[in-house]
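Comments concern the structure below.
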Amino acid sequence: MPPSPQKWMDHLVIVRHGESQRNVRRAEAQRTGRLEYHGDVRDMDVALTPRGIRQAEETGKYLAREFRFDRVFVSPYARTIQTADTLVKQFAYSVGPAIEERIREKEFGILDGLTGQGIRSKYPDEWRRREREGKYYYRPPGGESYPDVALRVHSFLGTLARDCRRQSVLLVCHSVVVLTFRRLLERLTEKTLLAIDRDPEQDVCNCSVTWYAYDPSAGSRGRLALREFNGVHYPASDAATEECRKKAEHRG
């Protein structure tokens, strides 16, 4: 009996966007005890910082050495588009990023741009409901839960399996979406996913690389096997970057 045809891509590489202006504002708000960090710009229009651009340049050089991509898909947010454009400029060949809304940022609804203290102060009932329901299933008013994000990512995986078999594919997206790909591809449980999410040593670093390679030995049609999670491939230039790099090295 002939072997079943390969279902998956040869490589699936997932990169979180580089450091954004909102990342900086959030860290500052948490450090100083402020309740909000969203500023006057809607989330999807937030740009990279100069450091975020440098992260994308160095990560693009690493990707250029290790892979040759057939397709690139990017979330429609400004910070992901800016990251993707910077990455592909480092390649010695032309591959234009395609916008894909199904890998956009998780929508936080009325809680968007609030720190934990901000949520407790402005929406105490929602804080209590979130504590009761748990982070995985909690859906803020106007926002999404983890399963909501998983539904759209699952749909996109179906598209990739149909249209990109035996190809090398690069995705540029957001930290929750990176974890959601892990949830689906590795069939993680709610408990396992939340354990990864809570672990400070597994924070998805800005411009980190998570990638899967096709493993023909797994099942009748093979599977995508995790080869690296949250790899940092740019020089440490500040305390935050160094901390993320140490966490990645600690994981091996």
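Among S168, S121, S217, the largest mean-square fluctuation in a Gaussian network model of the chain (Cα springs under 10 Å) belongs to S217. The shape of the stretch 70-165 comes out oblate: with a ≥ b ≥ c from the C-alpha gyration tensor, a/c is at least 1.5 while a/b does not beat b/c. Assign unit charges at the C-beta atoms only (+1 for Lys and Arg, -1 for Asp and Glu), then state the dipole size of the chain relative to its Cα centre in Debye, rounded to the nearest 20. Approximately 480 debye in magnitude. Highest mean packing first, where packing is the average number of other Cβ atoms within 10 Å per residue, the peptides 102-108, 206-212, 178-184 line up as 206-212, 178-184, 102-108.
Other residues whose C-beta falls under 11 angstrom from the C-beta of V149 contribute a net charge of +2, scoring Lys and Arg +1 and Asp and Glu -1. With both residues required to sit in the chain, DSSP beta bridges show an antiparallel share near 55%. Around the amide H of R227, modelled in the peptide plane, lie the amide H atoms of W211, Y212, A213, all under 5 Å away and 5 or more residues distant in sequence or on another chain. Pairs of Cα atoms nearer than 8 Å and 6+ residues apart set the relative contact order; for the chain it is 30 percent. Residues R65, R120, ranked from the fewest to the most other C-beta atoms within 10 Å, line up as R65, R120.
For the stretch 61-175, averaging the sequence separation of C-alpha pairs within contact (under 8 Å, six or more residues apart) and dividing by the residue count gives a relative contact order of 38 percent.
Packing, taken as the mean count of other beta carbons within 10 Å per residue, orders the peptides 122-129, 55-62 from highest to lowest as 55-62, 122-129. Highest-first packing order for the peptide set 149-158, 224-233 is 224-233, 149-158, based on the mean count of other beta carbon atoms within 10 Å. Place a point 7 Å from the Cα of K7 along the Cα-to-Cβ direction; which residues of the stretch 156-187 have their backbone N under 14 Å from it? Counting only backbone N, you get 157-163, 165-166, 184-187. Using a ≥ b ≥ c from the Cα gyration tensor of the stretch 40-96 (square roots of the eigenvalues), is it rounded, prolate or oblate, where a/c under 1.5 gives rounded and otherwise the larger of a/b and b/c decides, a/b for prolate? Note, shape of the stretch 40-96 comes out oblate.
With neighbour counts taken as other beta-carbon atoms within 10 Å, the residues R22, R79, R16, R198 rank, fewest first, as R198, R22, R16, R79.
Here the residues D40, D148, D45, ranked from fewest to most Cβ neighbours within 10 Å of their Cβ, fall in the order D40, D45, D148. Note on the chain: helix-only mean residue ellipticity at 222 nm, from DSSP H runs of 4+ residues weighted -39500 (n - 2.57) and normalised by residue number, equals -13500 deg cm²/dmol. Measure nothing fancy, just the Cα-based angle from helix 175-185's long axis to the longest principal axis of the chain, in degrees from 0 to 90, nearest 10. Value to nearest ten degrees: 40.
Just so you know, all these numbers are worked out from the coordinates, no wet-lab data involved. Computed from a predicted model, the values in this text were never measured in an experiment. Heads up, the Cβs are rebuilt from the backbone with ideal geometry, glycines too, and the neighbour counts pull from every protein chain shown.
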